[in-house]
Amino acid sequence: MDLFESKDLFRNMHPDKNLTFSFDDKCIRKCEIVFTDGKPNEINHVENDKVKIFIEDQEAFYVPIDSHRECCDIEFILSKIQNNASIS
């Protein structure tokens, strides 16, 4: 199930509730830095394999999804690398 299918599924399951879908650090599968002429591009990629779902009046939870790529800037990627380095 991809991100859009999971959104449709949960919206159909909870039609009268407010739902929010987001990605946080636990959702990230991998980060990709794209280089051109030896320098990082402004736009890079983060691949998520989970989505965090908030349903009104319930605790948030994670749902596995097919890989979903998002564009992000180099500062975002570097901050994720730095956070992981400080954890290990």
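Values quoted throughout were computed directly from the atomic coordinates according to the rules given, and no laboratory measurement underlies them. Keep in mind that this is a model prediction, so the values were computed, not measured. All Cβ positions, even for glycine, are placed from backbone atoms using ideal geometry, and neighbour counts span all protein chains on display.
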Starting from residues that are without any contact (Cβ under 8 Å) to a residue 24 or more places away in the chain and among the small types (G, A, S), keep the ones in segment 32-88 and report whichever is nearest to N12 (Cα to Cα). A60
Mind checking whether some residue in segment 16-24 is in contact (Cβ under 8 Å) with a residue 40 or more places away in the chain and either within 12 Å of the chain's Cα centre (by Cα) or not in a helix (DSSP H, G or I) (or both)? yes
Note: among K39, K17, just one is exposed (fewer than 12 other Cβ atoms within 10 Å of the Cβ) and farther than 22 Å from D66 by Cβ, namely K39
